[in-house]
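The values are calculated or read from the model by the stated rules, or taken from the named source; none is laboratory data. Because the structure is a prediction, the values reported are computed rather than measured. Cβ placement follows ideal geometry from the backbone for every residue including glycine, while neighbour counts extend to all protein chains displayed. Each accessible area value is taken on the protein alone, full model and side chains, heavy atoms only, with ligands, DNA and RNA left out. Shrake-Rupley method; radii C 1.70, N 1.55, O 1.52, S 1.80 Å.
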Amino acid sequence: SISQGGTGANGIRFMNGIVDKLAFSLNYNEDLMLTPSFKFLAGSYFLYPTTFAPLSAFGSFSAVSRMVDYHGTVTVTGESFDVEKWNGNFDNRASERTKLGKRGWNRFPLSQKWIADGSFDCELTRDLGSVAEGIYNALTIDIFVTADNRLVVSQANIAGRSFDLPLNGGEEEIMLSKPYRAYPPSGTTGPSTIVRVYTGTNYGTNYFGF
């Protein structure tokens, strides 16, 4: 909930938050899109000064060239599928707990199993046995603009999930959306996904795991 702020408030500030969900999307003829979903314990109306400038220890990709579809490559265990679209979804599945005497949420316990999954779309051109349901592979998404402007998503242990096989007329292509779920390399421990961000001398190389 948003508590009342002072007179003349010109904005809202949120405090004590987590990123509960994170979604990547890379489609043909589009920019790479990153969509986070937040949960905050508190928020209030706030009067920001005219000189206000948000501080960031890690900078922003908005200061460099955009990452668009032709910068990205998708590799499935060395396969050469002509992937036209990729989606990656990460969900902490955080719960929401309240407390008598407190406005808004009290905490966000990670009481459920997190989920990392996604899908890639391609045309059916050959046997898909290597990415069939229950078959494990490694997936790498590399969006490369320059050595100092690069993002790599590595998932070393993805399992194919069931999918529909659309049957069109004999003179039409068959497009597939192939879903998968990512697991830790050992099956039980460690991150399922490593995301590396390369910025060169600006902010170095940073990564996070999920």
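Please list the equivalent ellipsoid semi-axes of the chain, computed as the square roots of five times the alpha-carbon gyration tensor eigenvalues, in descending order and whole angstrom.
Sorted largest first and rounded, they come to 37, 22, 17 Å.
How large is Rg over Rh for the stretch 108-210, taking Rg from the Cα atoms and Rh as the Kirkwood inverse mean of 1/r across Cα pairs?
1.07
Identify all lysines with a Cα-Cα distance to K39 below 26 Å; exclude those on the same chain that are fewer than 8 residues away in sequence.
Candidates past the 8-residue exclusion: K21, K99, K102, K113.
With each pseudo-label sitting 7 Å past Cα toward Cβ, what's the R93-N10 distance in nm, one decimal?
So the two model labels end up 4.4 nm from each other.
How many Å² of accessible area per residue for the chain, probe 1.4 Å?
Here the per-residue accessible area is 63 Å².
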